[in-house]
1. What's the number of the condition residue A:160 fails, among (1) surrounded by fewer than 18 Cβ atoms within 10 Å (Cβ to Cβ); (2) under 19 Å from residue A:92 (Cα atoms); (3) modelled with pLDDT of 95 or more?
2. Would you confirm, using the coordinates I've provided, whether residue A:80 is within 10 Å of the chain's Cα centre (by Cα), within 12 Å of chain B (Cβ to nearest Cβ) and surrounded by 17 or more Cβ atoms within 10 Å (Cβ to Cβ)?
3. Does the stretch A:179-186 contain any residue that is more than 12 Å from chain B (Cβ to nearest Cβ), surrounded by 16 or more Cβ atoms within 10 Å (Cβ to Cβ), outside any helix (DSSP H, G or I) and touching a residue at least 60 places away in the same chain (Cβ under 8 Å)?
4. Would you confirm whether or not the stretch B:26-33 contains a residue that is crowded, with 19+ Cβ neighbours inside 10 Å, in contact (Cβ under 8 Å) with a residue 24 or more places away in the chain and assigned to a helix (DSSP H, G or I)?
5. Go through the stretch B:36-73 and count every residue that is free of Cβ contacts under 8 Å to residues at least 24 places away in the same chain, in contact with a helix residue (DSSP H, G or I) (Cβ under 9 Å, 6 or more places away or on another chain), in a loop (DSSP other than H, G, I, E, B) and under 18 Å from residue B:15 (Cβ atoms).
6. Could you tell me which of the residues A:162, A:92 is more than 7 Å from chain B (Cβ to nearest Cβ) and outside any helix (DSSP H, G or I)?
7. Mind checking which residues of the stretch B:137-149 are buried (at least 16 other Cβ atoms within 10 Å of the Cβ) and either closer than 15 Å to residue A:174 by Cβ or more than 11 Å from every other protein chain (Cβ to nearest Cβ) (or both)?
8. Of all residues being within 8 Å of another protein chain (Cβ to nearest Cβ) and part of a loop (DSSP other than H, G, I, E, B) in the stretch B:106-135, which is surrounded by the most Cβ atoms within 10 Å (Cβ to Cβ)? Just the residue, please.
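The values are calculated or read from the model by the stated rules, or taken from the named source; none is laboratory data. Since the structure is predicted, the reported quantities are computational estimates derived from the model, not experimental observations. All Cβ positions, glycine included, derive from the backbone under ideal geometry; neighbour counts span all protein chains shown.
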């Protein structure tokens, strides 16, 4: 693993465990096993490191999803519903995002980056004739980002996120009949079984990557 | 205003401003203008006070909504989208709820109390024939609570919640076609104008109540 990735991973673990305020630079250096010089070569300061952790969330999922259009958007959220339980990078991103809201900071990037990516799926869905006329892709993308944000907080409190896959499947069962055209609706796969199998097939190669020099 | 209400209001303002950790009992006493004895007569400790603030959220809106069924659920969220900007009790409840998630506490009450109340609206909606067959009221109620939670965090970061009414109207525009039967769908009013006018008519009598002995 490269030094930059090592630092991001270590920082994610420390942010996930102690929050932004409690995550000292020394804790992160110790966890990563690198020098302060190496850290400041790659990141300006702790705030910059936190922003990069928030923004690295997407890259852990999206490159690995093989579907397109509406099914792709469903699949990204299904995988996310499992990854969030297992991946410190995703969990840290979520904790940092929630804490910045509570502390009055205003970096919208973690939301807008996801929304932009969801809108890309929806633009393809529109071109493929999968969306009903009244659906505005930007509005739907932003809504799904917000809904996922709140859904995982609810799931965290009631089940430490164990029931997040079920809640994500529910979301689509409620949303799809209102947004998808008839033929698209029939073709979309949305189930807890799919969530688990997509996530399992994604997490296997990811482990392989981790052992690369 | 009664001492208990005075304490809840003062505590809400202090929690809203400083968060749970930063809200000292003395700050709350000073703001409320009451003695420590009075506080401990009404509340066991700071944690109990925080829980009561979280649970008082609903009472600021629901008794004042005149509609029933699906329209009632829409109206509660439309009013909430404005109240959250103006009412420290609602804002404190939201901040305390978000911070407990971040700090690993697990009181689900703020979520389940709203979900229970939303489900009551939806059970009436079902009895009135407003809901499509496939909709499970408990699932939909929990989804709307989670979606509202995340939506207001998103709105907080991008606009200090100024665009929350617009986002709430969007949510229903996306959800209703999939959950409401045809006749119900035609009858539901859902607009930013309605949000503003409901909230305005609700906040006028609330001020009057505040001046009662």
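1. The single condition residue A:160 does not satisfy is (3).
2. Considered against the rule, which asks whether it is within 10 Å of the chain's Cα centre (by Cα), within 12 Å of chain B (Cβ to nearest Cβ) and surrounded by 17 or more Cβ atoms within 10 Å (Cβ to Cβ), residue A:80 comes out as no.
3. No, every residue in the stretch A:179-186 fails to be more than 12 Å from chain B (Cβ to nearest Cβ), surrounded by 16 or more Cβ atoms within 10 Å (Cβ to Cβ), outside any helix (DSSP H, G or I) and touching a residue at least 60 places away in the same chain (Cβ under 8 Å).
4. yes
5. 1
6. Numbers: A:92 fails: outside any helix (DSSP H, G or I).
Result: A:162 is the single residue among A:162, A:92 that is more than 7 Å from chain B (Cβ to nearest Cβ) and outside any helix (DSSP H, G or I).
7. Taking the stretch B:137-149 as the starting set, the residues that turn out to be buried (at least 16 other Cβ atoms within 10 Å of the Cβ) are B:137, B:139-149.
Selection gives B:137, B:139, B:140, B:141, B:142, B:143, B:144, B:145, B:146, B:147, B:148.
8. B:135
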